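The values are calculated or read from the model by the stated rules, or taken from the named source; none is laboratory data. Please read all numbers here as calculations on a predicted model, not as lab measurements. Please note: Cβ atoms are built from the backbone with ideal geometry, for glycine as well, and neighbour counts cover all protein chains shown.
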Amino acid sequence: MWPFKSGEGEGSAAPVTIDVREAFARAGRGARLIDVRSAGEFATGHAKGARNVSPAQLRDGAGGLRPDDEILLICASGHRSLREARGLAKQGYAKVFNVGGGTIAWQRAGLPMKTRRR
């Protein structure tokens, strides 16, 4: 079932994709929920508790993430976050997960959202 199964996302080039409810539960237990969309997209609304880190910051190691962090990557639909999850796994991050369906699925599931105030 590539790319959705590969041994719990640990250090593999094909991280596991988890659904939004599982991501919400893991974030509640301390996993780092990282939104890889642009700052403009993020500002229109994002999963509550998510932090915006650009793909360039992820690649440069400027996102403040440690290789042993549990990292949940989310975007709008799950495609960009999967690409970035693969990149982090290749860099040696041990617990990287893609949030399937992204922010669209998060919102449809009725999970908490946040919008920046102007």
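With the requirement that a residue be within 23 Å of ALA25 (Cβ to Cβ) and either assigned to a loop (DSSP other than H, G, I, E, B) or aromatic (Phe, Trp, Tyr) (or both), what does the range 65-98 give you? Within the range 65-98, LEU65, ARG66, PRO67, ASP68, ASP69, CYS75, ALA76, SER77, GLY78, TYR93, ALA94, PHE97 meet the criteria.
Pairs meeting the criteria (first residue in the range 41-67 and more than 21 Å from GLN91 (Cβ to Cβ), second residue assigned to a loop (DSSP other than H, G, I, E, B), beta carbons under 6 Å, at least 6 apart or on different chains) are ALA43/ARG116; GLY45/THR115; LYS48/PRO112.
With respect to the conditions (1) on the phi > 0 side of the Ramachandran plot; (2) over 12 Å from the mean Cα position of the chain (by Cα), ASP68 falls short on a single one, namely (1).
Restricting ARG83, ARG26, ARG32 to those that are modelled with pLDDT of 95 or more and touching a Lys or Arg at 6+ places or on another chain (Cβ under 8 Å) reduces the list to ARG32. Taken together, the residues in the range 71-118 that are within 8 Å of the chain's Cα centre (by Cα) and among the hydroxyl-bearing types (Ser, Thr, Tyr) amount to 1.
Take LEU82 and decide whether it is more than 13 Å from ARG32 (Cβ to Cβ) and surrounded by 18 or more Cβ atoms within 10 Å (Cβ to Cβ). Spelling it out, LEU82 is indeed more than 13 Å from ARG32 (Cβ to Cβ) and surrounded by 18 or more Cβ atoms within 10 Å (Cβ to Cβ).
Out of all the residues in the range 46-54, is one or more hydroxyl-bearing (Ser, Thr, Tyr) and not in a helix (DSSP H, G or I)? Looking for residues that are hydroxyl-bearing (Ser, Thr, Tyr) and not in a helix (DSSP H, G or I), one finds at least one in the range 46-54, hence yes.
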